[in-house]
Structures are given as structure tokens and as C-alpha cells.
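*Asks:* Following this message is one structure expressed as C-alpha cells.
The values are calculated or read from the model by the stated rules, or taken from the named source; none is laboratory data. Note that the structure is a prediction, hence the values are computed from the model and not measured. All Cβ positions, glycine included, derive from the backbone under ideal geometry; neighbour counts span all protein chains shown.
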Amino acid sequence: MDDPAFTDAIEMGVLYSCIVPGSGNIVGGLSAVIRHFAKNSSAALIGRAGVKAALGYNPMSTRTWKGERPTTRMGAVGMFREKLYQVKDKMDRWSTASKKEQAKIEFSAEERVLRDLIEGKTRLRTHVHKIDDIAALLRLVDTFGLRVTVEHASDVNQPEIFAALKKRNIPVAYGPLDAFAYKVELRHENWRNIRHLLDSGVSFGLITDHPVVPSRNLLLTTRWFLRCGYTRQQAIELISRKNAAFLGIEKTVGTLEKGYWASFSGWNGDPFDLAAFPVTVYGEGQCLYRSQSVR
């Protein structure tokens with residue numbers, strides 16, 4: 001929690017994040033929704049918003065570890081599918097067994113995570129950029145009934161895949177915007193893809209994927225939505241109210257209402273003016289930052 005990135009984010013009024021570990025893993029670990037202004041990681045934790053998973057280039061290209069694992073897109077999806085089938089088979093055996101036999105069927109820690117996914121108790125937050133990788137994820141959804149989010153979707157340059165997500169009520173954590181397209185699965189990445197996202201009506205939030213784009217620059221990336229027709233109000237809601245709802249914390253933060261946490265920033269002018277900046281930032285009623293440039 002002593003990372004200077006937290007201080008930088010606070011000074012720009014960005015007070016909360018969802019941390020998801022391990023996009024080099026096919027399945028990583030539990031997400032952590034945190035406040036940036038806590039003294040330690042335990043105090044920072046607000047809640048959980050699902051389990052991280054990844055398809056596409058990242059798990060395919062991660063080879064610097066001991067053991068054997070497929071290094072192709074097909075292999076990674078196949079490995080995940082096999083694990084899900086194994087756990088599903090064990091769940092079916094348990095459900096039809098007697099109580100005495102059920103006591104003999106044990107689920108490992110890994111299997112319990114996958115069991116919760118299959119039962120819909122946990123959401124799978126899936127790193128995917130390309131249309132084909134999202135299509136592979138949808139096949140897993142259709143086979144196992146998983147509750148998922150699509151994280152990124154930056155390479156999607158056609159409307160059909162967003163329409164498929166809308167049809168299945170699958171939300172999108174969209175972004176980052178303004179990042180350098182440094183890998184082949186981002187060859188079609190462009191801010192103009194936003195139009196397909198908006199036209200589909202799919203539920204989405206906006207992310208920076210810090211440090212790909214520093215979290216302090218979250219507001220700056222909303223300008224592309226203004227260019228696509230969003231109002232200033234809609235842009236602010238995209239990174240406040242809508243992101244809070246996306247993470248399941250909309251009853252405590254994301255709007256200024258009675259009973260909500262007093263987390264907000266006060267600016268010296270229009271936040272969308274390039275020269276504007278926050279002069280005061282409050283987090284849950286505590287003054288976290290006061291600009292020395294106030295006149």
C-alpha cells in the first residue's frame with residue numbers, strides 16, 4: 001500500500017480499484033476490491049468481485065515456470081475445459097451418492113474454486129481481447145453455465161460479439177484506452193471500437209488496467225466516450241456509479257446520496273478542462289488531499 005501509484009490516483013480523485021491477479025495463468029486468483037487510502041492491505045479490502053482467468057496471448061506466452069502446460073490458445077482453453085469437466089463429474093457423483101459415500105468425496109482447494117464457478121456462486125473475470133477468444137469463452141459459458149465478465153475486449157472491431165454478450169447479459173470491463181498496442185492480439189485496437197460497444201447496449205465499465213495506463217488517468221480516458229456522443233454526466237457516471245455497480249459496491253459508493261460513503265473530489269473548474277485539477281479529495285469522510293495550488 002506504499003506504492004506511489006496510490007497517492008497519484010488519490011490526488012486525481014480515483015479512490016478505489018479492483019485488483020485481479022495473474023493474467024499469465026489460465027485461472028489466477030480471487031479479485032480484491034480495495035480502497036487506495038488504507039494503511040495496509042487488510043484495511044484496504046472492501047470485498048471480492050470474482051476470480052481472475054485469462055485466455056489468449058497472455059497464458060499462451062507465459063512459459064517461465066516449472067511444469068508442463070499447453071502454449072497455444074487451443075491448448076489453454078482445452079486444459080481449462082478438461083478441469084471443469086473433471087470437477088463437474090465429481091459434483092455429479094457427489095450429488096447422487098449416499099451421505100456415507102459423499103463423506104469420501106473430497107474437493108481440493110482448486111476444485112472448490114471451480115465448483116463455485118460451475119454452481120454460479122462466483123463470477124469468472126476473464127482477460128480476453130480478441131473476438132475469437134471471447135467466442136471461446138462463450139462456448140465455455142454455454143457448456144458449463146458460468147457467470148463471467150469480459151475484461152478488456154480492446155481488439156473487438158465488429159459489432160456482433162458485443163451483441164452476443166448483450167444477449168447473454170455478460171458485462172464488459174472495457175479498456176484500457178490510450179495504451180500502446182504492444183502485442184499481436186491488439187492489432188485492431190482503436191478508440192473507434194467504442195461505437196460497437198455503445199450500439200450493442202451491453203453493460204460495461206471502464207478500466208485502465210494499471211499500470212498499462214496509470215489509474216490516475218482514468219478520467220482522461222473518458223474523453224473518447226465524449227467524442228462518441230456521451231455527455232459529461234454520462235462520462236462521470238461511467239467511472240463512478242457504473243463502475244461501482246459493476247463491482248457490486250453500488251450501495252456504498254459511486255454516488256453522492258444520504259447513507260453512502262462520503263468519497264468525492266472537488267475541482268477548480270470543469271473536470272474535462274485540460275487545465276483543471278482536484279483541489280480537495282475526500283475518502284469516506286476523511287480529507288485525503290488538499291491542493292497547495294488553491295488561491
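*Asks:* What do you reckon, is A163 hydrophobic (A, V, I, L, M, F, W, C) and in a loop (DSSP other than H, G, I, E, B)?
*Replies:* No.
*Asks:* Applying the selection to the stretch 264-295, what residues are farther than 17 Å from T221 by Cα, of a type in the set (F, W, Y) and within 26 Å of the chain's Cα centre (by Cα)?
*Replies:* Looking only at the stretch 264-295, we keep the residues that are farther than 17 Å from T221 by Cα, and these are 264-269, 279-295.
From what's left, of a type in the set (F, W, Y): 264, 267, 282, 289.
If the condition is that a residue be farther than 17 Å from T221 by Cα, of a type in the set (F, W, Y) and within 26 Å of the chain's Cα centre (by Cα), then F264, Y282 are the ones that fit.
*Asks:* Inspect the stretch 221-228 for any residue being crowded, with 19+ Cβ neighbours inside 10 Å, within 29 Å of D270 (Cβ to Cβ) and more than 19 Å from the chain's Cα centre (by Cα) and give the result as yes or no. Walk me through how you get there before you give the answer.
*Replies:* Filtering the stretch 221-228 for residues crowded, with 19+ Cβ neighbours inside 10 Å gives 221-222, 224-225.
Those still in the list that are within 29 Å of D270 (Cβ to Cβ) too: 221-222, 224-225.
Still in the list and also more than 19 Å from the chain's Cα centre (by Cα): 224.
Scanning the stretch 221-228, I find at least one residue that is crowded, with 19+ Cβ neighbours inside 10 Å, within 29 Å of D270 (Cβ to Cβ) and more than 19 Å from the chain's Cα centre (by Cα), so the answer is yes.
*Asks:* Would it be correct to say that V141 is without any contact (Cβ under 8 Å) to a residue 40 or more places away in the chain, under 13 Å from the mean Cα position of the chain (by Cα) and under 22 Å from S23 (Cα atoms)?
*Replies:* Details: without any contact (Cβ under 8 Å) to a residue 40 or more places away in the chain: yes; under 13 Å from the mean Cα position of the chain (by Cα): no; under 22 Å from S23 (Cα atoms): yes.
No: the conditions fail for V141.
*Asks:* Which pairs turn up if I take residues in the stretch 272-294 that are under 24 Å from A44 (Cα atoms) and in contact (Cβ under 8 Å) with a residue 24 or more places away in the chain and look for partners that are surrounded by fewer than 16 Cβ atoms within 10 Å (Cβ to Cβ) and among the small types (G, A, S) with beta carbon separation below 8 Å, at least 6 apart in sequence or on another chain?
*Replies:* What qualifies is P278/G266; P278/S291; V281/G266; E284/A262; G285/A262.
*Asks:* A follow-up question, please. From the list V20, V51, which residue is β-branched (V, I, T), surrounded by 21 or more Cβ atoms within 10 Å (Cβ to Cβ) and modelled with pLDDT of 95 or more? Talk me through it step by step, then tell me what you get.
*Replies:* Values: V20 fails: modelled with pLDDT of 95 or more.
The conditions single out V51.
*Asks:* Could I ask something else about it? Which of the residues belonging to the stretch 32-48 are of a type outside the set (K, R), closer than 15 Å to T252 by Cα and surrounded by fewer than 17 Cβ atoms within 10 Å (Cβ to Cβ)?
*Replies:* Selection gives L45, G47.
*Asks:* Go through the stretch 190-208 and give me each residue that's of a type in the set (A, V, I, L, M, F, W, C) and in a loop (DSSP other than H, G, I, E, B). Spell out how you get there, then give the answer.
*Replies:* Here is the first cut: in the stretch 190-208, the ones of a type in the set (A, V, I, L, M, F, W, C) are 191, 194, 197-198, 202, 204, 206-207.
If the condition is that a residue be of a type in the set (A, V, I, L, M, F, W, C) and in a loop (DSSP other than H, G, I, E, B), then V202, I207 are the ones that fit.
One line per residue, one yes/no per condition, for (1) polar (S, T, N, Q); (2) at pLDDT below 95:
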| position | (1), (2) |
| --- | --- |
| I134 | no, no |
| R139 | no, no |
| E151 | no, no |
| N157 | yes, no |
| F162 | no, no |
| L165 | no, no |
| V172 | no, no |
| A181 | no, yes |
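Let's see how each residue does on (1) at pLDDT 95 or above; (2) part of a loop (DSSP other than H, G, I, E, B); (3) not hydroxyl-bearing (S, T, Y):
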{"residue": "T221", "(1), (2), (3)": "yes, no, no"}
{"residue": "L226", "(1), (2), (3)": "yes, no, yes"}
{"residue": "A235", "(1), (2), (3)": "yes, no, yes"}
{"residue": "K251", "(1), (2), (3)": "no, yes, yes"}
{"residue": "T255", "(1), (2), (3)": "no, yes, no"}
{"residue": "G259", "(1), (2), (3)": "no, yes, yes"}
{"residue": "D270", "(1), (2), (3)": "yes, yes, yes"}
{"residue": "D273", "(1), (2), (3)": "yes, yes, yes"}
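*Asks:* State all residues of the stretch 209-219 that are in a loop (DSSP other than H, G, I, E, B), in contact (Cβ under 8 Å) with a residue 40 or more places away in the chain and among the aliphatic types (A, V, I, L, M); if no residue qualifies, say none. Show your work before the answer.
*Replies:* As a first pass, look at the stretch 209-219 and keep what is in a loop (DSSP other than H, G, I, E, B): 209-214, 218.
Subsequent filtering for residues that are in contact (Cβ under 8 Å) with a residue 40 or more places away in the chain retains 209-211, 214, 218.
Once the filter is applied, which keeps residues that are in a loop (DSSP other than H, G, I, E, B), in contact (Cβ under 8 Å) with a residue 40 or more places away in the chain and among the aliphatic types (A, V, I, L, M), the stretch 209-219 yields only L218.
*Asks:* What are the pairs, 6+ residues apart or on separate chains, where a residue within the stretch 160-173 that is farther than 15 Å from L198 by Cβ has its Cβ under 7 Å from a residue that is modelled with pLDDT under 95 and assigned to a helix (DSSP H, G or I)?
*Replies:* Note: pairs meeting the criteria are A173/F246.
*Asks:* Is it the case, given these coordinates, that R216 is charged (D, E, K, R) and either under 30 Å from R35 (Cα atoms) or touching a Phe, Trp or Tyr at 6+ places or on another chain (Cβ under 8 Å) (or both)? Break it down into steps so the answer makes sense when it comes.
*Replies:* Numbers: charged (D, E, K, R): yes; either under 30 Å from R35 (Cα atoms) or touching a Phe, Trp or Tyr at 6+ places or on another chain (Cβ under 8 Å) (or both): yes.
The answer is yes for R216.
*Asks:* Here is a further query. Does the stretch 232-248 contain any residue that is surrounded by 14 or more Cβ atoms within 10 Å (Cβ to Cβ) and more than 30 Å from A163 (Cα to Cα)?
*Replies:* No - not one qualifying residue is present in the stretch 232-248.
*Asks:* Is there any pair linking a residue in the stretch 42-56 that is among the β-branched types (V, I, T) to one that is in a loop (DSSP other than H, G, I, E, B), with Cβ under 9 Å and at least six apart or on different chains, and which?
*Replies:* I46/L247; I46/I249; I46/T252; I46/V253; V51/V20; V51/S31; V51/T122; V51/R123
*Asks:* Filter the stretch 184-208 down to residues that are touching a residue at least 40 places away in the same chain (Cβ under 8 Å) and within 25 Å of E250 (Cα to Cα), then give me how many there are.
*Replies:* 8
*Asks:* Next question, about the same structure. Counting only residues that are assigned to a loop (DSSP other than H, G, I, E, B) and among the acidic types (D, E), which one in the stretch 106-160 is nearest to R48 (Cα to Cα)? Outline the logic, then answer.
*Replies:* Of all residues in the stretch 106-160, those assigned to a loop (DSSP other than H, G, I, E, B) come to 106-108, 119-123, 129-130, 145-147, 153-159.
Now restrict to residues that are among the acidic types (D, E): 106, 119, 155.
Working: E106: 25, E119: 17, D155: 27 Å.
Going through the qualifying residues, I end up with E119.
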